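K.L.:
Take a look at this one; I'll ask things after.
The values are calculated or read from the model by the stated rules, or taken from the named source; none is laboratory data. Only a predicted model underlies this, so the values are computations on that prediction, with no experimental measurement involved. Here Cβ is always computed from backbone atoms with ideal geometry, including for glycine, and neighbour counts include all displayed protein chains.
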Amino acid sequence: MLEVPKLRPARPLLKTALSARVLHHDREMALTTLFFEDGELRVPLIDYPASSGVTIRIDARDVSIALSRPMDVSITNRLPGEIAELSYLTPPYVKVTFNLGKTRLHALVTSESVERLALAPGLRAWVMIKAVAISGHELKPDRAPRPRPWPLDRKTSPTKP
């Protein structure tokens, strides 16, 4: 008897691209801190000078979800957000779209995770992204967001006579 191999569903390739700016490098830890519109991300050391613009590509399969603020985890990048949409793909996959503020970020989870965590649009949750999972490519510096200056960096207005 001829056996027909069972086909597994192909895992969808879903990525989020973000414009970011290099804030600083931590050479001792071999990490770079990037600023994007809704926060900061730590990534493996990149070879761009501070204030350079980069595009970050985050694969949805590298994004995890937590219902409460993650504390004792090895994942460096943890951002609060709200679930904007659930898209049921070929089983068992579900695309969870998060609204982080100005940014929409995708996570790829199983339908079992959606059920177990009772994920639904409007639910506040945390997205977690491993630093080692983020890759970057050069972007024109004028397209990357600039961080808001700290009060000491702001020019003071002249005093009134």
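K.L.:
For the list (1) surrounded by 15 or more Cβ atoms within 10 Å (Cβ to Cβ); (2) assigned to a strand (DSSP E or B); (3) in contact with a Pro (Cβ under 9 Å, 6 or more places away or on another chain), I need the number of the one condition that Arg61 fails.
P.N.:
Failed condition: (2).
K.L.:
Given the structure, is Lys140 at pLDDT below 95, more than 22 Å from Val22 (Cβ to Cβ) and more than 15 Å from the chain's Cα centre (by Cα)? Give the steps one after another, and end with the answer.
P.N.:
Numbers: at pLDDT below 95: yes; more than 22 Å from Val22 (Cβ to Cβ): no; more than 15 Å from the chain's Cα centre (by Cα): yes.
No: the conditions fail for Lys140.
K.L.:
Here's another thing I want to ask about it. So how many residues does the stretch 40-56 have that are touching a residue at least 60 places away in the same chain (Cβ under 8 Å) and either of a type in the set (A, V, I, L, M) or closer than 29 Å to Glu115 by Cβ (or both)? Before you say what the answer is, go through the steps one by one.
P.N.:
Of all residues in the stretch 40-56, those touching a residue at least 60 places away in the same chain (Cβ under 8 Å) come to 41-44, 46, 48, 51-56.
Next cut, either of a type in the set (A, V, I, L, M) or closer than 29 Å to Glu115 by Cβ (or both) only: 41, 43, 46, 54, 56.
Matching residues across the stretch 40-56 total 5.
K.L.:
Output the residue which, of all residues in the stretch 59-112 that are of a type in the set (Ser, Thr, Tyr) and in contact (Cβ under 8 Å) with a residue 60 or more places away in the chain, is farthest from Lys130 (Cα to Cα).
P.N.:
Our first condition is that a residue be of a type in the set (Ser, Thr, Tyr); within the stretch 59-112, this holds for 64, 68, 74, 76, 87-88, 90, 93, 97, 103, 110-111.
After this cut, where a residue has to be in contact (Cβ under 8 Å) with a residue 60 or more places away in the chain as well, the list is 64, 90, 93, 103.
Details: Ser64: 9, Thr90: 25, Tyr93: 20, Thr103: 18 Å.
Once the filter is applied, the top-ranked residue is Thr90.
K.L.:
Please tell me if His106 is at pLDDT below 90 and not in a loop (DSSP other than H, G, I, E, B). Before you say what the answer is, go through the steps one by one.
P.N.:
On the way: at pLDDT below 90: no; not in a loop (DSSP other than H, G, I, E, B): yes.
So His106 fails the test.
K.L.:
For the subset of the stretch 66-110 comprising residues that are over 17 Å from Ala10 (Cα atoms) and of a type in the set (Val, Ile, Thr), which member is surrounded by the fewest Cβ atoms within 10 Å (Cβ to Cβ)? So that I can check it myself, show each step before the final result.
P.N.:
First, the residues of the stretch 66-110 that are over 17 Å from Ala10 (Cα atoms): 66-86, 96-106.
With the extra rule that they be of a type in the set (Val, Ile, Thr), the set shrinks to 73, 75-76, 83, 96-97, 103.
Numbers: Val73: 11, Ile75: 18, Thr76: 15, Ile83: 20, Val96: 25, Thr97: 19, Thr103: 16.
Here the residue is Val73.
K.L.:
Right, next: How many residues are over 17 Å from the mean Cα position of the chain (by Cα) and in a loop (DSSP other than H, G, I, E, B) when one looks only at the stretch 72-92?
P.N.:
Residues that pass the stated criteria total 5.
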